[in-house]
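Structure, as structure tokens:
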Amino acid sequence: CWKHLNLPDPTEIQYDIADFLQDGPKRLVIEAFRGVGKSWITSAFVCHQLLLDPQKNILVVSASKSRSDDFSTFTQRLIGEMEILEHLQPGPNQRSSKISFDVGPALASHAPSVKSLGVTSQLTGSRADLIVADDVESANNSQTQLMRDRLSETIKEFDAIIKPEVGRVVFLGTPQTEFSLYNSLEERGFKTRIWPA
């Protein structure tokens with residue numbers, strides 16, 4: 001994927017993040033400095049998951065809808081441009097928008113292969129094997145304790161969305177305050193790994 005994007009070889013930190021993402025627990029938090037490539041690595045991981053199992057349903061949630069749409073669009077472009085993934089392109093009767101798309105071999109389903117939502121969107125009714133919470137905490141939604149409490153309650157909805165037994169939830173983020181939502185996730189059974197700047 002990095003070769004396709006004409007990027008230099010991944011750094012040791014990027015490989016370390018990718019290893020944790022691939023082999024880590026079902027509930028994990030990846031915290032790292034801005035620009036390390038958390039989202040790019042995770043987009044490549046999403047493509048890898050769909051390559052291994054095209055029946056998977058992946059939900060991408062971000063603080064802003066446009067941020068999650070960017071993740072979904074980037075993932076869709078990788079599928080469209082990389083030869084190894086070309087068979088995953090949506091067929092003529094499948095969803096193919098940047099906010100929700102199917103992969104070619106996927107069987108008919110209410111849930112698309114990849115769907116993007118803002119964290120304040122209607123999450124109820126979605127189903128997923130993998131939830132990628134990419135920067136759900138932002139400066140705009142974590143300024144006060146009330147806002148942080150509201151965000152904390154919203155992400156509890158993930159438990160109702162994720163498919164039991166097989167589902168995974170991955171948080172990617174950079175803490176916005178010392179009272180960051182990410183600091184409380186270990187109490188909910190998440191394993192956190194932090195790569196400092």
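Some observations on this one:
- Solvent-accessible ranking of 147, 82, largest area first, probe 1.4 Å: 147, 82
- Surface/4 estimate of mean projected area, convex hull on alpha-carbon atoms of the range 146-191, nm²: 3.6
- Helix 65-81 vs. the chain, principal-axis angle (Cα, 0 to 90°, nearest 10): 30
- Placing +1 on the Cβ of every Lys and Arg and -1 on the Cβ of every Asp and Glu, with no other charges, gives the chain a dipole of roughly 440 debye about its Cα centre.
- For the chain, the relative contact order comes to 29 percent (Cα pairs under 8 Å, sequence separation of at least 6).
- When the alpha-carbon atoms of the chain are used, the pair Rg, Dmax equals 16.1, 48 angstrom.
- GNM top mover of 23, 70, 134 - the chain, alpha-carbon springs below 10 Å: 23
- Subset of 38/115; 3/38; 65/191; 98/191 violating a 24 Å alpha-carbon distance limit: 65/191; 98/191
- Residue 40 accessible area, 1.4 Å probe, all protein chains in place, Å² to nearest 10: 110
- Degrees between helix 145-155 axis and first principal axis of the chain (Cα, 0 to 90, nearest 10): 30
- Compared with the dominant Cα axis of the chain, that is its longest principal axis, helix 38-52 is turned about 40°.
- 194, 58, ranked by accessible area, largest first (probe 1.4 Å): 194, 58
The values are calculated or read from the model by the stated rules, or taken from the named source; none is laboratory data. Since the structure is predicted, the reported quantities are computational estimates derived from the model, not experimental observations. Every residue, glycine as well, gets a Cβ built from its backbone with ideal geometry; the counts of neighbours run over all protein chains shown. Protein only, heavy atoms only, side chains kept; ligands, DNA and RNA dropped before computing areas. Shrake-Rupley method; radii C 1.70, N 1.55, O 1.52, S 1.80 Å.
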